[in-house]
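S.K.: This is the structure I want to talk about, given as structure tokens.
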Amino acid sequence: MKRTLLAAGMITSIGISSAHAAGDVAAGKAKAVSCGGCHGASGEGVGPNPPLAGMSESQFLQAMEDYKSGKRANALMKAFATPLSAEDNANLAAYYASLPKK
């Protein structure tokens, strides 16, 4: 009985932590307004700025982390990425992943 309860508790915990890891598409859409000037209103990409629409969440999150750390050298993106929280990035990643690839 104890094992069953322990297993059920662990499965529930895993499910809850997974739910928190996923971003909120609506919150990401609201936060993406500042990205639109360079990447397009729908993440389609503008000029030399790459499209974000359809980008996988993991790819987006890695890129933002690389800009923050300086691994990717782009002063403008570093300035935009640095103040974003992990939650902001998760929300943006969920939003752009929800859009059709351009």
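All of the numbers you see were taken from the coordinates with simple rules; none came from a lab. Fair warning: this is a prediction, and the values are worked out from it, not measured in the lab. When we count neighbours, we look across all protein chains shown, and the Cβ atoms used for this are built from the backbone with ideal geometry, even at glycine.
S.K.: Using 7 Å Cα-to-Cβ label points, what is the D88/A26 separation (nm, one decimal)?
M.R.: 2.1
S.K.: Would you mind ranking V25, V33 so that the residue whose beta carbon has the fewest other beta carbons within 10 Å leads the list?
M.R.: Fewest-to-most ranking of V25, V33: V33, V25.
S.K.: In addition: Using the C-alpha gyration tensor of segment 23-98, what are the square roots of 5 times its eigenvalues, in whole angstrom, with the largest one first?
M.R.: 17, 15, 11
S.K.: For a footprinting-style exposure proxy, rank M77, M64 by other Cβ within 10 Å, fewest first.
M.R.: Taking fewest neighbouring Cβ atoms as first place, the list is M77, M64.
S.K.: If neighbour count is taken as other Cβ atoms inside 10 Å, put F60, F80 in order from fewest to most.
M.R.: Lowest count first: F80, F60.
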